Amino acid sequence: MGIEEPNVMALDGVRALVFDVFGTVVDWRSGVAREAEPFLKRHGAGTAIPAAFADAWRRRYSPAMEEVRSGRRPFTRLDVLHRENLEAVLPEFGIDPASVPASELDELNLAWHRLEPWPDVVAALARLKARYIIAPLSNGNIALMLNMAKRSRIPWDAILGAEVVQAYKPAPEAYLRTADVLSMKPDEICLVAAHNGDLAAARACGLRTAFVPRPTEHGVAQTTDLHPDQAWDLVASDFIDLAERLQL
């Protein structure tokens, strides 16, 4: 059957592909920076680098979710965490959040709903959908995922992730409850992600794994997740390559 056969066999028995979204499916950094730029100018921070603002906002993402994962806080959807993190990050850029109308902060918070997919994503997902159930397994909440998908025509079969299972990755419940929702065994599901840590957590729960690097997720000077750090079930250069390796 040629060189591609081992790649198809690597996912033998898999019925669903679930995808990390922020960084893997969409370019969060460029999208947030683009929307932050006019906001920063309006509020006297025009000399700030928009990408640095995006990075600073994103740095608060994991600590906010850890409050939920640790049990110190009840499950709280990501839109709420992002909004709180936005208010917390503004003083770093010389902006008093109390001086900004709440409606304007709400609108900037929706930048996360309007993120653009990487160029290879939409066409490749249409190909992958021909054989597999495809869905996000994201820390993003349902409304965020729906708005993003509608805007960019991302062809998900379902919206899954943290709000559905009431757990944030990399907590085991995020992966195991997703399998339960799909009425599948963990090894019938493959997580596709650009982050080795996410894949490691999924593998520990019995899911199959596919690594697709996004070497500019954090900008051109990115040093993390440039290469697979384990022997994942499948490694592809992008989603088109993933579809081709699966003979789709």
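Observations on the model:
- Here is the tail figure for the chain: Cα pairs spaced more than 25 Å apart come to 43 percent of all pairs.
- Ordering 175-181, 37-43, 158-164, 220-226 by mean Cβ neighbour count within 10 Å, with the highest value first, yields 158-164, 175-181, 37-43, 220-226.
- Here the calculated FRET efficiency for residue 12 and residue 62, from their Cβ-Cβ distance with R0 = 35 Å, stands at 0.55, rounded to the nearest 0.05.
- Note on the chain: antiparallel DSSP beta bridges, both residues inside, total approximately 5 percent of the bridges counted.
- Across region 53-208, the mean sequence separation of Cα contacts (distance under 8 Å, 6 or more residues apart), normalised by length, yields a relative contact order of 18 percent.
- Taking 138, 70 and ordering them by how much accessible surface each has at a 1.4 Å probe, largest first, produces 70, 138.
- Inter-label distance for residue 110 and residue 98, nm, one decimal - labels placed 7 Å from Cα along Cα-to-Cβ: 2.8
- P(r) weight above 11 Å for region 23-70, C-alpha pairs, percent: 69
- Per residue accessible area of region 8-53, 1.4 Å probe, in Å²: 39
- Partners for residue 150 among lysines (Cα-Cα distance below 28 Å; same-chain residues under 8 apart left out): 129, 169
- Extension reserve of the residue 184-residue 151 stretch, reckoned as 0.36 nm per residue once the Cα distance is removed: 8.9 nm
- Percent carbon-and-sulfur accessible area, region 121-248, ignoring ligands, DNA and RNA, probe 1.4 Å: 55
- The alpha carbon centroids of region 36-106 and region 178-213 are separated by 30 Å.
- Annotation: per residue accessible area for region 105-224 equals 39 Å², rounded to a whole number [probe 1.4 Å, protein chains only].
- A simple packing score, the average count of other Cβ atoms within 10 Å per residue, orders the peptides 44-54, 127-137, 187-197 as 187-197, 127-137, 44-54, with the highest score first.
The values are calculated or read from the model by the stated rules, or taken from the named source; none is laboratory data. Note that the coordinates shown come from a computational prediction; the quantities given were computed from them, not determined experimentally. Cβ coordinates were reconstructed from backbone atoms using ideal geometry, including for glycine residues, and neighbour counts include every protein chain displayed. Heads up: the accessible areas ignore ligands, DNA and RNA and are worked out on the full protein's heavy atoms, side chains in. Shrake-Rupley method; radii C 1.70, N 1.55, O 1.52, S 1.80 Å.
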